[in-house]
Structures are given as structure tokens and as C-alpha cells.
Amino acid sequence: MKRRSFFYVLAAGVLVLLLIGAGGFYWLRANSPLALLGGGEVTNPSATIFVPKKAPVMVSLLVNPDRLEGLRQAVARPANRKRSRAELNQFKQSLLANTDLDYRRDIQPWLGDEITLALTSLDFDRTRDNGEQRGLLLAVTTKNPQRSREFVDLFWQKQANVETDLVFETYKGVKLIYKNQDSVVKTQDAVNKGFYNRDRSALPKDAINRASAQNSVATAVVGDRFVLFANNPRVLKEAINNVQAPNLSLSDSTSYQRAIESISQPKIGLTYVNLPALAKLLGNNSQMEIDPTYESLAIAISPKTQGLLAETALLAATGQEIPPTTPSLSQPVGALQYLPEKIAIAASGSNLEQLWTQLTSGLDSDDSLAQLINQPIANLQARWGIDLKQDIFSWVQGEYALGMLPRPDRKDSDWIFVAEKSETTKAEAAIDRLDASAKQQGLSVSSFTLENQPISAWTKLTTTAEKNQGDDQDPVKLEAQVKGVHASVGKYEIFTTSIEAMNQAIKAPDNSLVKSDRFQANITSLPQPNNGYLYLDWASSQAFLERQLPIVRVVELVAEPLFNELNSLAFSSYGSDDGVRRSKVFLRLGAKAEE
């Protein structure tokens with residue numbers, strides 16, 4: 001295996017380890033998992049001393065990977081445990097493929113309780129001739145310094161060959177080992193082009209430039225605690241500089257310190273994102289920009305009995321202010337009772353007008369999120385011929401619930417929207433204006449009874465010709481296409497996209513989403529008070545989300561172990577204070593077989 005390939009597999013492996021753990025962070029009780037079941041560790045990553053302040057992304061695993069091996073088995077369904085074990089073994093084999101290294105023999109004896117992977121820079125050599133060279137750093141703690149040094153020596157022995165010269169360099173008291181750059185030129189450029197010059201000056205200039213920034217594993221053992229891997233010796237030297245020079249490392253960053261101080265729960269994993277740097281990394285190809293209001297994002301991962309809880313802290317940039325808000329809901333809103341149990345996506349809360357203003361304030365700078373939010377809105381507006389913001393959102397200042405109901409008999413799903421009415425918002429007058437607007441659009445407004453409940457439907461009459469077997473003229477059939485349905489039920493107004501959906505909404509209180517075990521299992525881990533819930537049944541909503549957000553497919557590929565066990569998720573926000581917006585996400589895992 002090439003050293004470049006090995007490093008990338010190793011770096012990807014750290015992320016996969018974290019995601020495998022996310023596939024089941026509740027350890028077998030027989031193996032004393034009390035610390036993990038209690039939420040994880042209270043410590044923060046110590047390897048931040050090597051990571052530069054402006055690093056775009058850092059991901060840390062704060063427990064030994066061996067403690068996670070049983071976790072995947074714990075959450076996997078009994079029928080899938082054999083496959084789960086095979087997947088783990090395959091992962092380990094691919095990580096060390098063609099290296100003649102064995103995890104249990106060569107790594108397990110010294111591997112400590114922290115693995116930190118960081119994208120340290122977007123272009124570590126700042127040279128235009130060779131393009132942007134990403135800096136990657138992997139810092140691993142060791143519990144046995146002697147065995148970890150033996151591993152590094154063994155690693156290079158296994159990787160060395162007759163065409164490879166290794167460099168042993170002492171940099172500021174730290175021993176670095178990496179591949180000789182002249183050898184990089186010879187083996188990767190000269191040989192490929194049919195010449196093999198020992199004289200570096202005889203090689204093409206572009207080959208030398210590429211070689212100088214070539215991704216090649218570099219290693220270092222720092223003191224008795226850390227083993228470092230990087231994709232270039234320059235990255236390692238920068239990491240050592242960050243430790244020895246004051247005020248250079250991420251641990252000295254005010255933004256990072258604020259972020260971790262905002263995380264209240266114990267954790268087994270932490271992700272920190274520098275949003276402006278991430279925006280540069282994504283570039284124009286992402287069709288996405290980061291809202292300049294925010295500077296950084298921290299995500300802490302903790303285990304729960306039925307899955308995984310992620311706490312997020314979104315920090316405002318210097319000079320930006322976020323108005324303080326306080327969560328107001330101590331229980332799920334009553335409007336949820338009209339969403340059937342089979343709802344695939346549900347959103348609920350209060351004061352929809354305020355929420356809509358908050359959501360849309362940053363949509364111009366985030367095309368991907370705009371597509372997710374605006375596309376369903378645009379479809380409903382086109383179908384009903386109304387302006388949802390003006391005609392509906394403006395008067396929904398009380399409870400609301402919105403749900404997507406899958407339709408196995410057709411491609412498009414149904415939508416159900418429930419809004420609380422009040423005299424202060426003049427809801428009845430607003431609903432009358434909706435009927436009037438439908439008539440202006442050429443729709444018929446008809447009233448009838450469904451399940452002893454008066455309802456109104458917006459319909460469009462169309463004619464179709466039926467084929468006739470004889471010589472007579474084909475008969476013409478009159479059809480009414482339902483564009484929308486609404487009904488007043490108690491203090492709520494219910495809007496649906498079909499009569500079938502309205503029928504299910506009216507019947508829902510006896511078997512609603514909010515009463516279902518799967519919904520309750522998700523929200524139990526989300527504390528109250530909060531600002532409401534966003535709920536996703538993954539199996540039912542996956543296809544819709546993939547159509548609306550193509551990046552979902554990429555995330556699924558990277559986090560396959562997680563998505564293989566993902567049953568559903570719930571999200572809630574908890575307001576903001578001191579320039580930090582807080583929220584939590586619960587992922588329910590490994591329960592598909594019982595649903």
C-alpha cells in the first residue's frame with residue numbers, strides 16, 4: 001500500500017470509528033459501561049495543543065476504540081450481529097491492508113483514550129504551482145510510550161523498500177520520520193515518465209513542485225503521551241510549533257474555549273468547526289456559503305439507552321449579536337394530535353411567523369437549505385395559489401404542527417398543517433380570505449361532511465374523454481381535482497393536500513404521532529422546556545431528503561455504519577444567550593426490527 005493511501009485510510013478510519021460508535025454508544029452492561037451510559041467523559045480533547053487556531057475542522061474520539069467494539073453489537077439486531085462483526089473486521093483489515101500490521105498485536109497494546117483528526121489548513125505550503133494542499137493531522141494518545149515507539153519503528157520497517165529513502169530529522173527536540181522528497185520525485189514522477197535522474201536539478205520544475213508538497217506520511221512521537229501522523233512533514237512541524245509557541249494552538253482560541261464551555265453534557269466525541277474556514281474549503285462547487293453571523297460550531301456526542309444524543313453550540317462571530325431567547329414549551333403542542341402515526345417528517349412548536357423569520361433570514365446565503373425549505377413551500381403555493389407567508393404564517397402565532405404523510409399509491413406525499421386559531425390574530429378572517437383567493441384562482445370552494453366533520457375543499461373541474469369500443473362518440477367524464485382541503489376542529493384549523501389526508505388527520509387523535517412509542521422514544525431524551533420538535537422517521541423520509549438535499553447521499557456513504565442502524569431522529573432548540581444558539585439532536589438506533 002502506498003504511504004499516501006495508508007494515511008488517507010487511517011484518517012478516514014478515525015471518522016469511521018467515531019461513526020461506528022455513533023451506531024451504538026451504549027456499552028454492554030456486563031463490561032461496566034457505567035461511564036458511557038452516564039454520558040461519556042467530562043474532559044475535552046488534549047490534542048488541541050497541536051491544532052492551529054484557524055483549522056477548518058477537528059473531530060475527536062474521547063474513548064478507547066476497543067470500548068466501542070461491543071457497542072455496535074449491542075445496538076445491532078440479533079439477526080444482524082454476525083454481519084456487524086464482519087463489518088468491523090473488514091474495516092480493520094482495510095485500515096491496515098498491505099501493511100503487514102495487525103491491530104491487536106501492534107496497535108491495541110499502546111492505544112490510549114483519545115484520537116483527534118484535524119484538517120489543519122487548506123493549503124499548507126501556500127504554493128500556487130501545485131494547487132491547494134490540504135493539511136491533515138492525526139494525534140493519538142498512548143498508554144504505553146515504549147510500545148508506541150516500537151509501533152512507529154515497525155510501521156516504517158514494513159513500509160520501507162529499496163526505492164524509498166527515509167529521513168530522520170530532529171525538529172525542536174522531536175524526532176520526525178518521513179519519506180525523502182527526492183525519492184518521491186524519482187518513484188512517482190521520473191519513473192512514470194520513463195527517466196530516472198539522480199540529479200534533482202535535472203527533473204522538470206513542475207515535478208519538483210509537486211514532490212515538495214506530495215502527500216506522504218510523516219510521523220512523530222511527542223513525549224510520553226502523543227503519537228502524531230501527518231500527510232506532510234510541514235504539517236508535523238507546524239503542529240510542534242503550535243505547542244511551543246504561545247497563542248498559536250486551537251486550545252488558546254477564545255472561540256474554541258467559548259464553544260466547549262457552552263457544552264454542558266459529558267461526551268465521548270467532539271467536533272469543532274471553524275465556519276469561515278469551512279466556507280473557503282467548500283468553495284464555489286458547494287453552491288453554499290456560511291452565514292457570516294456565525295463563527296464556529298461545536299457538537300458533543302453522548303450515549304443514551306436507546307441511541308445517541310448530540311448537543312450543539314453555534315457561536316456568533318465577533319461583533320455580531322444574537323438576540324437572547326428563552327424556550328417556552330414544557331410539553332409537546334396539542335396540534336400534534338392531528339398528525340397520524342405514520343407521519344414521516346413532523347415539525348411542531350409555537351409562533352410560526354417568528355420561526356419563519358428566523359429561518360429565512362439566512363436563506364440567501366445558503367442555497368442548499370433554501371432548496372430544502374422553499375421547494376415544499378413553492379409546491380404548496382403553486383397548488384393553492386396563495387402566499388403562505390402572508391396568508392397563513394402571519395396569523396399563526398400559537399401552536400402549529402406540520403407533517404409529511406407518505407402515499408404508497410403515488411410519487412408525491414401528502415402534507416398536513418395544523419394551526420391554532422385565536423381572536424387576536426383574526427384567524428377566521430384570514431381563512432375566509434384563503435377561500436376567496438382560491439375562487440380568484442379559478443377554483444371551486446365546496447363544503448361537505450367527512451366523518452361527521454364539515455370540511456371545505458378547493459377543487460378544479462376538468463374533463464376527460466373515455467375510449468369507446470363502438471362507433472359512437474367517446475363519452476366525456478367530468479372530474480374534480482382536489483387542490484386543498486381545510487376544516488375547523490375545535491380551536492385548530494387543519495389544512496391538507498388531499499381528502500384522504502384530511503380523513504386521516506380527523507381520525508388521528510385516537511392513534512396520533514404524539515401518542516406513538518417511536519415518537520415518545522425520541523423526545524424523551526430531549527429536555528424541556530424547548531422550542532418544539534423536528535422529527536424524522538428515517539425509512540419513510542430518506543427518499544424525500546435525498547431528492548431535496550443531494551449531500552445527504554454523501555453523508556450516508558461516509559456514515560454508513562450509523563445509517564444502517566438509524567431508526568429515527570428528533571431535534572429541538574433551546575434558545576440563545578451570550579451569543580450562543582443551543583440545540584440537541586437525538587438519534588434512535590437499532591430499533592427497526594421492533595417497529
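The values are calculated or read from the model by the stated rules, or taken from the named source; none is laboratory data. Because the structure is a prediction, the values reported are computed rather than measured. With ideal geometry, Cβ positions are generated from the backbone for all residues, glycine too; neighbour counts draw on all protein chains shown. Please note that ligands, DNA and RNA were not included when accessible areas were found on the heavy atoms of the full protein model with its side chains. Shrake-Rupley method; radii C 1.70, N 1.55, O 1.52, S 1.80 Å.
A cut-off under 13 angstrom between Cβ atoms defines the neighbours of residue 504, and their net charge, with Lys, Arg +1 and Asp, Glu -1, is -2. A Förster distance of 22 Å, applied to the separation of the beta-carbon atoms of residue 394 and residue 441, puts the FRET efficiency at 0.70. Neighbours of residue 168, meaning other residues whose beta-carbon lies under 12 angstrom from its beta-carbon, give a summed charge of -1 when Lys and Arg score +1 and Asp and Glu score -1. With R₀ fixed at 56 Å, the C-beta to C-beta distance from residue 462 to residue 510 puts the FRET efficiency at about 0.95. Expressed as a whole percent, the accessible area of the range 511-595 that falls on carbon and sulfur atoms is 57 (1.4 Å probe).
Computed with a 1.4 Å probe over protein heavy atoms only, the accessible area of residue 420 comes to about 40 Å². Annotation: residue 449 carries an accessible surface of approximately 90 Å², with a 1.4 Å probe and no ligand, DNA or RNA atoms counted. Each residue was assigned an accessible area with a 1.4 Å probe, and for residue 515 the value is about 130 Å².
Using 0.36 nm per residue and subtracting the Cα-Cα separation, the extra length available between residue 172 and residue 157 on full extension is 2.9 nm.
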